[in-house]
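Peer 1: Take this structure first; my questions come after.
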Amino acid sequence: MARISASILSFYFDSKERKEPVDKMILHINKALKDREQEYDILHLDIEDGKFVKTKSFTPSMIRKIHCSKKKEAHFMVLNYKKYLKDYFTLADMFIFHHEILKRDFPKTIEFLHKNKKYVGIAVNSETHVDELKYLDKVDLVLVMGIHTGLPGQKFMENTLWKIRKLKDLRDKENLKFVIEVDGGINHDNMQKVIDAGADILEMGSGLFK
């Protein structure tokens, strides 16, 4: 059975629309996480810098106020991932970096995180082909975007399924160890076909909380 990674990004943007103070947003998040804690396995933290994507999201000070005993994964939708890694290092167990902005010395980042008992993932945008991915023999997770990277609440792109299948076939053929996570537009109506395609972890935000 696939694990569920709970995304709280929609709370951030809902709060911004209502012009709520940060503390009220955090109260909503903490209540939702507690009410649904039996329905998810991981807390998914979407970190946006306003450059790699047009929007910004959670700061370290906000995340420190979020109460959740589950493992946490930080999904960096940022350009300067080294800076963000330093700022968020103590706040997550898994760090996911976008393939599209990785630098040549990324293997040193992988080595550093593994030495510090952290997990490493790479994310691939919906427009990027699986064949372009590097470091599959070194990372712990591959995150496949099922929507255009950025805003929550988008509809799942059906052509993501072939990408999941291709990654699973590649993993089996090469005897690799990474798990496959799928992010964006997943709900109770489409989750089974995503699992059947080969997903090990489903990232759910609106599909879980709404």
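The values are calculated or read from the model by the stated rules, or taken from the named source; none is laboratory data. The structure presented is a predicted model; accordingly, all values stated were derived computationally and were not measured. Virtual Cβ from ideal backbone geometry, glycine too; neighbours counted across all protein chains shown.
Peer 1: Among the residues of region 111-166, what is the count of those that are under 15 Å from residue 186 (Cβ atoms) and charged (D, E, K, R)?
Peer 2: 3
Peer 1: Let me ask something else. Taking residue 54 as the residue in question, decide whether it is at pLDDT below 95, under 17 Å from residue 145 (Cα atoms) and charged (D, E, K, R).
Peer 2: Numbers: at pLDDT below 95: yes; under 17 Å from residue 145 (Cα atoms): yes; charged (D, E, K, R): yes.
Criteria met by residue 54.
Peer 1: Looking only at strands (runs of 3 or more DSSP E) that fall completely inside region 40-133, which ones have 1 or more residues that are surrounded by fewer than 19 Cβ atoms within 10 Å (Cβ to Cβ)? Write out each step before concluding.
Peer 2: Values: elements: 42-48, 71-77, 94-98, 119-124.
Qualifying strands (runs of 3 or more DSSP E): 71-77, 119-124.
Peer 1: Scanning region 134-166 for residues that are of a type in the set (Phe, Trp, Tyr) and over 11 Å from residue 99 (Cβ atoms), which turns out surrounded by the most Cβ atoms within 10 Å (Cβ to Cβ)? Before the answer, list the steps.
Peer 2: Looking only at region 134-166, we keep the residues that are of a type in the set (Phe, Trp, Tyr), and these are 135, 156, 162.
Now restrict to residues that are over 11 Å from residue 99 (Cβ atoms): 156, 162.
Details: 156: 21, 162: 11.
Here the answer is 156.
Peer 1: Taking region 1-35, which residues are at pLDDT below 90 and assigned to a loop (DSSP other than H, G, I, E, B)?
Peer 2: Listed by number, the list holds a single entry, 1.
Peer 1: Between a first residue in region 61-79 that is closer than 15 Å to residue 29 by Cβ and a second residue that is β-branched (Val, Ile, Thr), which pairs have beta carbons less than 8 Å apart while being 6 or more apart in sequence or on different chains?
Peer 2: Sorted first by the residue in region 61-79, then by its partner, the pairs are 62/22; 62/26; 65/26; 66/8; 66/26; 66/29; 70/42; 72/42.
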